[in-house]
1. I'm trying to understand the selection: among the residues of the stretch 51-76, which are among the hydroxyl-bearing types (Ser, Thr, Tyr) and surrounded by 10 or more Cβ atoms within 10 Å (Cβ to Cβ)?
2. Residue under question is residue 5, and the condition is that it be loosely packed, with under 11 Cβ neighbours inside 10 Å, modelled with pLDDT under 80 and under 10 Å from the mean Cα position of the chain (by Cα); does it hold?
3. State whether one or more residues within the stretch 22-30 are in a loop (DSSP other than H, G, I, E, B), among the aliphatic types (A, V, I, L, M) and either modelled with pLDDT of 80 or more or surrounded by 11 or more Cβ atoms within 10 Å (Cβ to Cβ) (or both).
4. Can you tell me which residues in the stretch 49-83 are modelled with pLDDT under 80 and assigned to a helix (DSSP H, G or I)?
Amino acid sequence: VMLMRHGTRTPTKDPAIPVNYADQSWPEWSVDYGLLTPRGMDGVRLLAASDRAYYQRAGLLPRDGCPSGGIAAKASWKDRAID
């Protein structure tokens, strides 16, 4: 079993809404609020590649493809989890 949260993402709320999250304005983001940033996606890819290599060395995953049997993946409906 592997449990993981999302990678680096943008703030989930629009800074125009007065909630006082920070005393300075948010930086400009290349993606919408609450989504994975390109850097966050790269980080998740690197982590997955590292995990796969570890499990291959341990003999738990084949060198190529998926193991026989089944794999279940669950994610929330949020784009950052699906990505």
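1. 54, 55 - these are the residues of the stretch 51-76 that are among the hydroxyl-bearing types (Ser, Thr, Tyr) and surrounded by 10 or more Cβ atoms within 10 Å (Cβ to Cβ).
2. Criteria met by residue 5.
3. No; the residues of the stretch 22-30 include none that is in a loop (DSSP other than H, G, I, E, B), among the aliphatic types (A, V, I, L, M) and either modelled with pLDDT of 80 or more or surrounded by 11 or more Cβ atoms within 10 Å (Cβ to Cβ) (or both).
4. 79, 80, 81, 82
The values are calculated or read from the model by the stated rules, or taken from the named source; none is laboratory data. Note that this is a predicted model, so its numbers are computed, not measured. Don't worry about glycine lacking a Cβ; one is built from the backbone with ideal geometry, like all the others, and counts go over all protein chains shown.
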